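The values are calculated or read from the model by the stated rules, or taken from the named source; none is laboratory data. Please read all numbers here as calculations on a predicted model, not as lab measurements. No Cβ is skipped: glycine too gets one built from the backbone with ideal geometry, and neighbour counts run over all protein chains shown. We work out accessible area using only protein heavy atoms, side chains counted, and drop any ligands, DNA or RNA first. Shrake-Rupley method; radii C 1.70, N 1.55, O 1.52, S 1.80 Å.
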Amino acid sequence: MAIDIIWFREIAAATLVFFLTRFFLGSLLLLLKPARKLPPGPKGWPVIGALPLLGTMPHVTLAQMAKKYGPIVYLKMGTCDMVVASTPASARAFLKTLDTNFSNRPPNAGATHLAYDSQDLVFADYGPKWTSLRKLCNVHMLGGKALDDTAHVRATELGYMLRAMVDSSKRGDPVVISELMTYAMANIVGQVIIGRRVFVTHGSESNEFKDMVVELMTKAGLFNVGDFIPSIAWMDLQGIVGRMKKMHSKWDALISKMVTEHAETAHERRGSPDFLDVLMANTEQNSKGTELSITNIKALLLNLFTAGTDTSSSVIEWALAEMMLNPAILKRAQQEMDQVIGKNRRLQESDVPKLPYLQAICKETYRKHPSTPLNLPRISSEACEVNGYYVPKNTRLSVNIWAIGRDPDVWENPLEFNPERFMSGKNAKMDPRGNDFELIPFGAGRRICAGTRMGVVMVEYFLGSLVHSFDWKLPDGMAKLNMDESFGLALQKAVPLAAVVTPRLHPSAYAV
């Protein structure tokens with residue numbers, strides 16, 4: 001027994017010496033090893049880091065930081081690492097070269113409390129479930145063939161909108177374009193998803209829906225302290241989580257009601273399923289973990305009803321505001337449409353390829369007023385190197401799309417609204433669908449906005465129709481147009497655009 005005790009003590013001592021030696025050698029190597037070079041950036045504050053530096057307009061602040069520190073800025077945000085890319089080249093490095101490494105989203109309060117704990121398409125981890133949701137959306141709603149099949153829905157809903165605007169003009173009432181657009185687009189999304197218009201009339205119910213959309217897109221875009229310092233998340237210092245939970249309850253009640261009512265009328269659609277029918281059918285499949293839950297479906301509907309109405313609406317509103325500030329641009333666009341279409345009928349989607357100046361106006365609006373100023377954040381799965389800088393594992397990535405669009409090294413006179421820049425030269429063939437990193441309003445790479453194709457169609461068709469169908473002016477007594485921004489996931493006008501419209505087509509063109 002004494003021998004065993006002595007043997008045990010010797011083994012224990014040897015083990016202790018071994019681990020102590022490894023510890024000291026490891027510490028010495030760390031001291032001797034040169035520190036890896038992080039991208040430059042502000043020092044920030046103790047514990048909370050750069051969080052207080054962002055202010056109320058983070059996209060503007062981060063653009064200013066890029067001028068000081070360079071195209072890739074590193075920020076310590078609480079306990080989290082974050083990099084911001086603000087030039088086409090740096091965006092390409094992250095979203096194309098390193099796309100696979102940055103294919104997931106970081107955890108945050110919006111994903112947890114609004115998006116059903118990341119069970120949607122926007123925040124879900126890159127994997128089989130995300131791929132299944134994306135494929136279903138492309139095939140049945142957002143892809144080229146699906147868009148062609150639903151062209152009549154967009155034409156009909158646009159007709160209702162134009163008719164309402166004509167009625168407003170007869171009364172001399174100004175139109176609030178964001179309200180009309182949200183109403184029309186929600187009805188388009190509703191008809192594709194659940195086979196019916198969501199709102200029969202434009203009134204308090206549709207305005208409440210618009211308010212819910214704007215509130216969600218605003219709150220989800222805020223920098224929540226608890227996302228960056230998890231240990232104090234429970235305190236909800238800004239009150240953001242509490243508001244998100246209340247908001248989620250409203251949305252869940254609305255979407256749950258849609259799903260329940262839809263299920264009760266399933267027998268009426270046999271042989272002619274809508275998109276929700278297709279989704280429900282996929283809850284019965286069980287292959288490689290791609291079957292959908294009811295939660296997945298509700299989360300996806302939330303994505304489609306919010307992003308599908310708010311982002312396109314904001315781009316169109318900004319474009320009209322810019323043209324009202326620049327009447328010569330509005331007049332030229334109308335002249336182009338009058339030559340191609342005339343004044344006896346409405347613009348049709350098939351007319352758009354023949355209207356290069358309208359397309360240039362849309363591109364110029366994407367450049368100067370991207371619907372998403374900061375792309376939805378991504379996170380690195382592994383440590384990597386970009387432009388000679390070390391980017392640690394689990395680093396959050398934001399691409400400042402707003403800054404890229406206003407970079408004087410990329411664009412001549414970037415603060416000027418000038419569609420001419422897209423009418424000739426190298427910019428003429430530039431496309432906003434994610435391949436030209438000078439113009440990426442929908443993002444790029446595998447996590448590019450799923451509704452990119454639909455967004456382009458909606459903006460071109462609706463904006464073109466509004467410009468072709470009406471003359472636009474400010475309401476009496478309004479001497480100046482407010483062009484201030486309101487930050488969120490979508491870049492809203494701080495003051496919604498209100499305008500007096502005058503029909504300019506033959507009365508028969510406005511028939512629904």
Notebook entry, point to check: Is it the case that segment 415-425 has a residue that's at pLDDT below 95 and either within 20 Å of the chain's Cα centre (by Cα) or surrounded by fewer than 20 Cβ atoms within 10 Å (Cβ to Cβ) (or both)?
Noted result: yes
Inset, instruction - Output yes when any residue across segment 221-242 is out of contact with any Phe, Trp or Tyr (no Cβ under 9 Å at 6 or more places or on another chain) and at pLDDT below 85, and no when none is. - result: no
Of G41, G55, the only residue that is modelled with pLDDT of 50 or more, within 25 Å of C384 (Cα to Cα) and not aliphatic (A, V, I, L, M) is G41
Flagged pairs (Cβ under 9 angstrom, 6 or more apart or on separate chains; first in segment 186-214, over 25 Å from G110 (Cα atoms); second among the basic types (K, R) and open to solvent by less than 30 Å² (accessible area, probe 1.4 Å)) are I188/R154
Any residue in segment 205-216 that is more than 22 Å from the chain's Cα centre (by Cα) and of a type in the set (A, V, I, L, M, F, W, C)? no
Selection over segment 51-95 where residues are outside any loop (DSSP other than H, G, I, E, B), open to solvent by 30 Å² or more (accessible area, probe 1.4 Å) and of a type in the set (A, V, I, L, M, F, W, C) yields a count of 3
The residue from V192, V200 that alone is over 21 Å from L489 (Cα atoms), of a type outside the set (S, T, N, Q) and in contact with a Phe, Trp or Tyr (Cβ under 7 Å, 6 or more places away or on another chain) is V192
Sole miss for L121 among (1) hydrophobic (A, V, I, L, M, F, W, C); (2) under 20 Å from P441 (Cβ atoms); (3) without any contact (Cβ under 8 Å) to a residue 40 or more places away in the chain is condition (3)
The residue that is surrounded by the fewest Cβ atoms within 10 Å (Cβ to Cβ), considering only those in segment 426-452 that are among the small types (G, A, S) and in contact with a Gly (Cβ under 8 Å, 6 or more places away or on another chain), is G434
Those residues of segment 307-358 which are in contact with a His (Cβ under 8 Å, 6 or more places away or on another chain) and of a type in the set (S, T, N, Q) amount to S314, Q334, N344
> Taking the stated definitions as given, is I48 crowded, with 22+ Cβ neighbours inside 10 Å and over 20 Å from the mean Cα position of the chain (by Cα)?
Replying inline: no
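For (1) outside any loop (DSSP other than H, G, I, E, B); (2) within 26 Å of L98 (Cβ to Cβ); (3) charged (D, E, K, R); (4) in contact (Cβ under 8 Å) with a residue 60 or more places away in the chain, each residue gets a yes or a no:
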residue	(1), (2), (3), (4)
F417	no, no, no, yes
E420	yes, no, yes, yes
K426	yes, yes, yes, no
F437	no, yes, no, yes
F442	no, yes, no, yes
I448	no, yes, no, no
R453	yes, yes, yes, yes
Any hit, segment 121-128, residues being farther than 18 Å from L302 by Cβ and either among the aliphatic types (A, V, I, L, M) or open to solvent by 60 Å² or more (accessible area, probe 1.4 Å) (or both): yes
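From the residues in segment 475-512 that are among the charged types (D, E, K, R) and open to solvent by 50 Å² or more (accessible area, probe 1.4 Å), which one is modelled with the highest pLDDT?
D484
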*surrounded by fewer than 20 Cβ atoms within 10 Å (Cβ to Cβ), under 27 Å from L304 (Cα atoms) and out of contact with any Pro (no Cβ under 7 Å at 6 or more places or on another chain): does that describe E460?*
no
Taking segment 285-307 and keeping only residues that are basic (K, R) and modelled with pLDDT under 85, one is left with K288
* To do: Determine if segment 251-264 includes at least one residue that is farther than 26 Å from A111 by Cβ and surrounded by 13 or more Cβ atoms within 10 Å (Cβ to Cβ).
  => no
Restricted to segment 145-159 and to residues being closer than 20 Å to R345 by Cβ and among the small types (G, A, S), the residue surrounded by the fewest Cβ atoms within 10 Å (Cβ to Cβ) is A151
